[in-house]
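Worksheet: one structure, shown below.
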Amino acid sequence: MTIEMEINDRDFLNSPPVKTVRFGGNVAEMLVKYKRGDCTDYELLKHQLGDPEIKDAQIINWLQEIRSCVTQLTKEHEQLIYTILRLQWVGRSQAVVEEYLAFLSNLVTAQTVYLCACLKMVVSHFTPKRVTICEAGVDMSDSDDEDENLARNFDQSHQALQLINRFVPSTSRFLMPILQENFPFVQKSSRTLECYVHNLLRVTVYIPSIRGEVLEVIIGKMLKLDVSVSRADIEEAEEKMEQNQGAEELNEEGLFEMDEDVVADQPSRTAVMGHPVAERLDVLMAVMMAYIKDICFVNGSLHVGRTKELLRHLLCVFDKLILPTHASYHVQYTIFYLCSFRLALAEAFLDHLWKILQSPSQPAVLRQAAAGFMGSFLARAKFIPVLTVRACMDLLLSWIHHYIDGHDSSGRQACCDISLHGPFYSACQAIFYTLIFRHRAILEGNMKKGLEYLQNMNLERVVLCQLNPLKVCLPSVTTKFAAITRKYQVVFCYTIIERNNRNVLPMVRSTAGGDCVTTNTNPLDSYFPFDPYLLKRSGQLIEPLYQVWEEPVDMELLPAKKRHQGSREDEDDFLDEDTPKTEGIVGMTPSSYDSNLQSPSSVGQLPESL
């Protein structure tokens, strides 16, 4: 779009305004009078510009005059400038929009003191305008979600921001705090949040220098939504909604035939989440995944440079926000989705996790979380081939055996102490969990070589070591791991499991209903970050990439608890055992083990870049 408009080419501007009433002299004369202390015409100008019924022709005439003397509009004229910035220019005629954009470019160039005010005005248009709805005699304010001109209004807002950024190179430094301050409250409507996040991501396309900060702000807000609602609450809300919809359909069937419009609307109804917080998160996850795909693919082909840059930004946000956040269930799938585009991306993510896990300079709680991410990612990502799974398991096992060697050579009596050996136990659980999901893929094709590989893992030494990892791993993991290793005669775990069960000390807790005896089945306070994805709309992109748990029909388990009867057809039965729901996080206790292990030469280091 041309910024310096050729006014003489436009007949509309050359012709006098029709039915336009103006009071006072021109703007230059008003400013002179205002400087002398005569404020009458100046106040009249402010009043006319603030009139909600002001005509387009009036706006254009005033803005043209104001532009001609913009260098005189210093800090003492801020009330006039703020009146102009409050002017509802978005959505007006193209002539008004172009004149207003030209005014903005002149203003920020001549008077940089108004830069932040201009930026705040533009950002205020990133959400639907507010309307007042009267319900039961009470005025309720909410966003106008049904405005059919939203797309056009957003386009005009971004034109303004691009103009400002072009004329003021330091715009990005002042813009980021404004974007953060104006982020809607997370309890706002999903449409308001969707519009704002969409526009924030759109800004990063033409101001790429702030992409990392923008992603951090957005993901931080999404994490607040994610951790504020539990999996059980989402599933319960879905069951209630399905029951209510079933009852409604049953009542409607006998009354009348549904018309075509209602039938056509059914898919959109079923995509809505029953829990309001889950619905907001689902909408934002869909926006984020659409953005990731648009950035990474150009004309249907993966753009390696742009994809690497986006992964770098997401990993920075992952380290700062996602990894330290306990029990987030959905936000981390943004990286899961990105890694599905190419194997090298998944390997880069795994390498990133591996470096955190084996680094003694990292806090123990983060090393444990990295191990949980690594095991869950290897187990659940369909797009990771067996060779990569084996390479990662070799890395983990080499580190685990080296850890055991260090304690065996010390001559000290090792004990099962999570505060000292938390990363070790988390790494063991990652191995067990990955093997549960991937053992059949390892054995497929060549059973003999697959069994040799399992035997060479030397899992017996891990299970029988004095640190006793089976004692602290989740019972659902140890039970299935024991059944699989027994079936293929890799290691026999049941004797150790039974001995551990006998040695578990129950805890007596006082409650309102009296004392109760409980057992801590999750001393590691661990969870699997890539447990089944519950959000419907964005989940359509995750489903084809996701490995669900399939119970082997010939696997002998210890007596299992009765499975829950849920309404979800695709329920992941692995969770039905006894995976505990935790609320706290493990204390940040540095590990006593110092390791600078490199990967075995036979496996090779995971790639650091694409």
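The values are calculated or read from the model by the stated rules, or taken from the named source; none is laboratory data. Computed from a prediction, not measured in an experiment: that's the story for all the values here. Every residue, glycine as well, gets a Cβ built from its backbone with ideal geometry; the counts of neighbours run over all protein chains shown. What goes into the accessible areas is simple: the full protein's heavy atoms, side chains included, and nothing from ligands, DNA or RNA. Shrake-Rupley method; radii C 1.70, N 1.55, O 1.52, S 1.80 Å.
Ordering of 331-339, 191-199 by packing is 331-339, 191-199, highest average first (other Cβ atoms within 10 Å, averaged per residue). Taking a ≥ b ≥ c as the square roots of the eigenvalues of the Cα gyration tensor, region 388-428 is oblate, since a/c reaches 1.5 or more and a/b is not larger than b/c. Taking a label point 7 Å from the Cα of SER359 along the Cα→Cβ vector, which residues of region 321-340 have an amide N closer than 18 Å to it? Those under the cut-off are 321-325.
Expressed as a fraction of 2.2 N^0.38 Å, the value expected for a compact globular protein of N residues, the C-alpha radius of gyration of region 273-377 is 1.14. Between GLN243 and LEU387, the modelled labels are 5.2 nm apart [label points 7 Å from Cα along Cα→Cβ].
Quickly work out the ASN503-to-GLN489 label distance, labels modelled 7 Å from Cα along the C-beta direction, and quote it in nm with one decimal. Output for this residue pair reads 2.9 nm.
Taking the average, over residues, of other Cβ atoms within 10 Å as the packing measure, peptides 370-381, 442-453 rank 370-381, 442-453 from highest down. For a paramagnetic label modelled on LYS35 (point 7 Å from Cα along Cα→Cβ), amide N atoms under 13 Å away belong, within region 67-109, to 69-77. Surface analysis of region 37-106 yields an accessible area of 41 Å² per residue, using protein heavy atoms and a 1.4 Å probe. Taking a sphere under 14 Å around the Cβ of ALA160 and counting the other residues whose Cβ falls inside, with K and R at +1 and D and E at -1, yields a net charge of +2.
Distance between the 7 Å Cα→Cβ label points at LEU343 and ARG312: 2.5 nm. If R0 is 30 Å, the Cβ-Cβ spacing of ASN149 and SER170 corresponds to a FRET efficiency of close to 0.40. With a threshold of 28 Å on the Cα-Cα distance, the over-threshold entries among LYS221/LYS471; LYS129/LYS320; LYS33/LYS75; LYS308/LYS382; LYS355/LYS448; LYS55/LYS188 are LYS221/LYS471; LYS129/LYS320; LYS355/LYS448; LYS55/LYS188.
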